[in-house]
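S.K.: One structure follows; several queries about it will come next.
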Amino acid sequence: MHAVDMRRRRFAAAAAATIAAIAGATGARRSLAAPKDYTVVIDGFAFKPAELSVARGDTVVWRNDDPVPHTATAKGVFDSGSIAAGASWKYVAKKPGRYPYVCTFHPIMKGTLVVR
Amino acid sequence: MKPLQLAAIAVLAATSLAVQAQGAGPTDPQIAAIVVTANQVDIDAGKLAEARSHNKDVREFGKMMVTDHTGVNKAAVALVTKLHVKPEDNPTAESLKKGGEENIAHLKTLKGHAFDTAYIDHEVTYHEAVIDAIDKTLIPSAQNAELKALLVKVRPAFVAHLDRAKELQAKLGKM
């Protein structure tokens, strides 16, 4: 085989390996998909939707439509602190997992965030 | 059950019975007065608990009552203002107010654990009675759709409070 062919083969192999490495590093999400925004509405002392599934890098906004303050708290993972009536809190999903969360003021309020 | 608690339940139960007897419920202006009064009664008791209790859980519960019932009242007043519904005083609202004043007067004679248990016991009974009145009288009687929707929306606040009050009642019972 000619030397040029050998170089092209090596180059192609290296390029393929690099692309595979990048694809592997971004995990399950399609490496070229743009991050999405999601909203969880807090209404009537409930998180709506109660369960939300997002991809790493997606943004979740909790919007408090109730007349009282609430929180969105998953101990050790995320904690909005007090979200005032009418206010919002933004969180960028990082680590994959299934995260049950509560309002610490009214723990009867439960939700789950799934990060793929 | 203590006399004051019986009185509180009686007031709200009587409202429901009166409604059924007459076949007509409170009007929207009367509902507005009942809601505002019911919230204010709990705000006043909550402020007393914050100031008087030596128990952190009870003080925090009192603080939550002040925060939440102030918020609900703010929403209720904003809505009835927008709807040009003027709260109209009525026997039910007056009884709630009187019952609230009697509760405060009684609580002021107590301290320590006796205060905490009396406060929380009353909160349990009170929230149960208010939820019952919301379900049996206020929501069914409300004429304006937005007023009805607000009552439906704030009902879970009372449920959440009742849940925590019962939890504290059990905890205090073990002390």
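S.K.: What residue, among those in the stretch A:50-67 that are among the small types (Gly, Ala, Ser) and at negative phi, is surrounded by the most Cβ atoms within 10 Å (Cβ to Cβ)? Before the answer, list the steps.
M.R.: Let us first name the residues in the stretch A:50-67 that are among the small types (Gly, Ala, Ser), namely A:50, A:53, A:55, A:57.
Restricting the remaining residues to those that are at negative phi gives A:50, A:53, A:55.
Working: A:50: 11, A:53: 14, A:55: 18.
Step by step, filter the stretch A:50-67, then rank; the result is A:55.
S.K.: Let me ask something additional. Restricting attention to the stretch A:68-77, and to residues there that are buried (at least 20 other Cβ atoms within 10 Å of the Cβ) and aliphatic (A, V, I, L, M), which single residue is nearest to residue A:102 (Cα to Cα)?
M.R.: Among those residues, the one meeting the criterion is A:72.
S.K.: For the stretch A:50-86, name all the residues that are part of a loop (DSSP other than H, G, I, E, B), of a type outside the set (S, T, N, Q), more than 12 Å from every other protein chain (Cβ to nearest Cβ) and in contact (Cβ under 8 Å) with a residue 12 or more places away in the chain.
M.R.: Let us first name the residues in the stretch A:50-86 that are part of a loop (DSSP other than H, G, I, E, B), namely A:50, A:55-58, A:65-69, A:71-72, A:75-77, A:80-82, A:84-86.
Narrowing further to those that are of a type outside the set (S, T, N, Q): A:50, A:55-58, A:65-69, A:72, A:75-77, A:81, A:84-86.
Narrowing further to those that are more than 12 Å from every other protein chain (Cβ to nearest Cβ): A:50, A:55-58, A:72, A:75-77, A:81.
Within the stretch A:50-86, A:50, A:55, A:56, A:57, A:58, A:72, A:77 meet the criteria.
S.K.: If we only count helices (runs of 4 or more DSSP H) wholly inside the stretch B:68-175, which ones have 2 or more residues that are within 14 Å of chain A (Cβ to nearest Cβ)? Before the answer, list the steps.
M.R.: Values: elements: B:91-107, B:112-133, B:145-173.
Ranges flagged: B:112-133, B:145-173.
S.K.: Answer yes if at least one residue in the stretch B:41-62 is among the basic types (Lys, Arg), closer than 17 Å to residue B:151 by Cβ and out of contact with any strand residue (DSSP E or B) (no Cβ under 6 Å at 6 or more places or on another chain), and no otherwise.
M.R.: Filtering the stretch B:41-62 for residues among the basic types (Lys, Arg) gives B:47, B:52, B:56, B:59.
Adding the requirement that they be closer than 17 Å to residue B:151 by Cβ leaves none.
Within the stretch B:41-62, none of the residues are among the basic types (Lys, Arg), closer than 17 Å to residue B:151 by Cβ and out of contact with any strand residue (DSSP E or B) (no Cβ under 6 Å at 6 or more places or on another chain).
S.K.: Among what's in the stretch A:33-48 and is part of a strand (DSSP E or B) and of a type in the set (A, V, I, L, M), pick the residue that is surrounded by the fewest Cβ atoms within 10 Å (Cβ to Cβ).
M.R.: Here is the first cut: in the stretch A:33-48, the ones part of a strand (DSSP E or B) are A:37-42, A:47-48.
Among the residues that remain, those that are also of a type in the set (A, V, I, L, M) are: A:40-42.
Values: A:40: 23, A:41: 16, A:42: 26.
Out of the qualifying residues, it is A:41.
S.K.: Check the stretch A:17-39 and report whether any residue there is at pLDDT 70 or above and either touching a helix residue (DSSP H, G or I) at 6+ places or on another chain (Cβ under 9 Å) or closer than 25 Å to residue A:106 by Cβ (or both).
M.R.: First pass over the stretch A:17-39, keeping only residues at pLDDT 70 or above: A:33-39.
Retained after the next criterion (residues that are either touching a helix residue (DSSP H, G or I) at 6+ places or on another chain (Cβ under 9 Å) or closer than 25 Å to residue A:106 by Cβ (or both)): A:38-39.
Within the stretch A:17-39 (the criterion being at pLDDT 70 or above and either touching a helix residue (DSSP H, G or I) at 6+ places or on another chain (Cβ under 9 Å) or closer than 25 Å to residue A:106 by Cβ (or both)), the answer is yes, since at least one residue qualifies.
S.K.: Looking at residue B:63, is it among the basic types (Lys, Arg), under 17 Å from residue B:38 (Cα atoms) and surrounded by fewer than 19 Cβ atoms within 10 Å (Cβ to Cβ)? Steps first, please.
M.R.: Details: among the basic types (Lys, Arg): yes; under 17 Å from residue B:38 (Cα atoms): yes; surrounded by fewer than 19 Cβ atoms within 10 Å (Cβ to Cβ): yes.
So residue B:63 fits the description; yes.
The values are calculated or read from the model by the stated rules, or taken from the named source; none is laboratory data. The shown structure was predicted, so the numbers you read here are calculated from the model rather than taken from an experiment. All Cβ positions, even for glycine, are placed from backbone atoms using ideal geometry, and neighbour counts span all protein chains on display.
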